[in-house]
Amino acid sequence: MAPMTENAVDQAALLQFLLRMGDNTLILGHRVSEWCGHSPVLEEDIALANTALDLIGQTQLWLGLAAEVEGQGGDADKLAFLRDAWDFRNVLLVELPNGDFGQTLMRQFLFDTWQSIMLGRLMKSSDPRVAAIAEKASKEVAYHVERSADTVVGLGDGTAESHDRMQAALDYLYPYVGEMFLSDEVDAAMVAAGIAPDPADLRSEYDALVGKVLAHATLAVPDGKYTHKGGRTGYMHTEYLGHVLTSMQWLQRAYPGAEW
Amino acid sequence: MNNEWPLWEVFIRGQHGLSHRHVGSLHAPDAEMAIKNARDVYTRRNEGVSIWVVEAVHIAASSPSDKGPMYEPSESKIYRHPTFFDIPDDVGAM
């Protein structure tokens, strides 16, 4: 067997991995930005907009590297604004509708926790470019998860109405959590090259962290084992992704190549 | 019943060695969230290295109507300013 060099890394698999990371932050960043100007209080509005901007900033790094690996002369903007729904590799969780404020924050918490664990592992990636992005993003995400966890506890263990809304949000979103921990041949290639961990290996740490916060929030973890999937493989997205892209990509579709 | 979150006054230290300065106020359910909100509202452009928050009701303030007796007496006492001393050159910047 040939020694493991950069050339030995399956570039097609690396591209898929980078698209998965960048599309997660792109679609969630866009979703969260939909709250701008609509949050229940000014302070939360600004905090959510900050989170959305952090996620879009991370997207520039992930998709910028993806375009470099792809080697077709593209860039992060082209990948974000000129691909269609079937080319996106984000997990279904991040494209789901915002719902009420509680549902948005529950989705944020479920994603932030996964992302913080994932980035912790990626900081030790054999690819220094991946490790550098993870290092920068991990500081932002450490704050995101602290904030979303606090809000989940505050609303879960709040009034009867806020508790019921948070439980309903958890019941709706929980069947989408499992997709973040599915593994396929792309992940196997990343593990073999030392670039990224096997997502399945993150599950026990995730369950421990999420379980602790949800218990504190007096919320019950649903026991169903069913997992919606198809986003990260591109097999099938929900109907919601098309609607996200329609508003997100509108300008580049109507005025191709427009800049400012 | 009052459903509003209490008001908090926010103080931020711009850099090490300077003191905290009042920058504004915000609403939050508790002190911990007030610090988080202050981080998001007042340090977005790298303004600070430390945040203090204090619930506004805990600040005791002088009354604007007492302005005369409180502050005017000091207006005519210029001898309290240390501006009448010649500072030797070799003292340097003070």
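The values are calculated or read from the model by the stated rules, or taken from the named source; none is laboratory data. Quantities reported herein were computed from a predicted structural model and do not represent experimental measurements. With ideal geometry, Cβ positions are generated from the backbone for all residues, glycine too; neighbour counts draw on all protein chains shown. These accessible areas exclude ligands, DNA and RNA; they are computed on the full protein's heavy atoms, side chains included. Shrake-Rupley method; radii C 1.70, N 1.55, O 1.52, S 1.80 Å.
Selection of first residues in region B:25-48 that are at the interface with chain A (Cβ under 7 Å from one of its Cβ atoms) and of second residues that are part of a loop (DSSP other than H, G, I, E, B) and surrounded by 17 or more Cβ atoms within 10 Å (Cβ to Cβ), restricted to Cβ pairs under 8 Å at least 6 apart or on distinct chains, gives the following pairs, ordered by first then second residue: B:LYS36/B:ALA28; B:ASN37/B:ALA28. Just give me the residues in region A:59-99 being among the acidic types (Asp, Glu) and open to solvent by less than 50 Å² (accessible area, probe 1.4 Å), in sequence order. A:GLU95 - this is the single residue of region A:59-99 that is among the acidic types (Asp, Glu) and open to solvent by less than 50 Å² (accessible area, probe 1.4 Å).
Restricting region B:7-24 to residues that are away from every other protein chain (no Cβ under 12 Å), more than 21 Å from A:GLU140 (Cβ to Cβ) and touching a residue at least 40 places away in the same chain (Cβ under 8 Å) leaves a set whose member that is farthest from the chain's Cα centre (by Cα) is B:GLU9. Kindly indicate whether B:GLU55 is within 17 Å of B:HIS20 (Cβ to Cβ), away from chain A (no Cβ under 14 Å) and free of Cβ contacts under 8 Å to residues at least 60 places away in the same chain. Answer is yes for this residue.
Going by what's in this entry, would A:GLU146 be described as within 14 Å of chain B (Cβ to nearest Cβ), open to solvent by 60 Å² or more (accessible area, probe 1.4 Å) and out of contact with any strand residue (DSSP E or B) (no Cβ under 8 Å at 6 or more places or on another chain)? Yes: the conditions hold for A:GLU146. Of the numbered criteria (1) more than 24 Å from A:HIS30 (Cβ to Cβ); (2) open to solvent by less than 70 Å² (accessible area, probe 1.4 Å), the one A:MET248 fails is (1).
Remark: pairs (first residue in region A:223-236, β-branched (Val, Ile, Thr); second residue part of a loop (DSSP other than H, G, I, E, B) and open to solvent by 50 Å² or more (accessible area, probe 1.4 Å); Cβ separation under 9 Å; 6+ apart in sequence or on different chains) = A:THR227/A:LEU182; A:THR233/A:LEU182. Filtered by the rule that a residue be surrounded by 19 or more Cβ atoms within 10 Å (Cβ to Cβ) and either within 22 Å of the chain's Cα centre (by Cα) or within 14 Å of another protein chain (Cβ to nearest Cβ) (or both), region A:157-169 gives A:MET166, A:GLN167, A:ALA169.
Scanning region B:72-86 for residues that are part of a helix (DSSP H, G or I) and of a type in the set (D, E, K, R) returns B:GLU72, B:ARG80. Within this structure, A:ASP45 passes the test of being in a helix (DSSP H, G or I), more than 27 Å from A:VAL221 (Cα to Cα) and within 14 Å of chain B (Cβ to nearest Cβ).
Among the residues here, A:TYR174 does not qualify as within 24 Å of A:LEU26 (Cβ to Cβ), within 22 Å of the chain's Cα centre (by Cα) and open to solvent by 50 Å² or more (accessible area, probe 1.4 Å).
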